[in-house]
Amino acid sequence: MSLQRKRKVEIEDYEGQQVVVSTKDWVYIGKLEVITSGELIIKVGDLLLTVDREDVSTIFAK
C-alpha cells in the first residue's frame, strides 16, 4: 500500500463551479465567477455578490 500525499485544495480550484461559501455571518450558494487577490465574486441567481477572501471560513463544491 503506497502513501500518497494529498494536494492542498486552493480557492482557485473552485472557479467556475457551483460552490457553498460560508463566512462568519452568511452562507452563499452559487457559481464562483471570479477570484481576485482580495475577494470572491459569486453569482447567486441574477445577483453578483462580492465576498472578502479574509471572511471566508469554508468553501466546498456543491
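Assorted remarks:
- Among residues of segment 37-49, those that are free of Cβ contacts under 8 Å to residues at least 12 places away in the same chain and out of contact with any Gly (no Cβ under 9 Å at 6 or more places or on another chain), counted: 2
- A Cβ distance below 6 Å, combined with a sequence gap of six or more or placement on separate chains, defines the contacts here; from segment 11-25, residues that are of a type in the set (D, E, K, R) reach residues that are open to solvent by less than 40 Å² (accessible area, probe 1.4 Å) in the pairs E12/I35; E15/L32; E15/I35.
- Yes/no for G45 being modelled with pLDDT of 90 or more and in contact with a Lys or Arg (Cβ under 7 Å, 6 or more places away or on another chain): no
The values are calculated or read from the model by the stated rules, or taken from the named source; none is laboratory data. On a predicted model such as this, the values are computed, not experimentally measured, just so you know. In this analysis, Cβ positions are derived from the backbone assuming ideal geometry, glycine residues included, and neighbour counts consider all displayed protein chains. Only protein heavy atoms, including side chains, enter the accessible area calculation; ligands, DNA and RNA are left aside. Shrake-Rupley method; radii C 1.70, N 1.55, O 1.52, S 1.80 Å.
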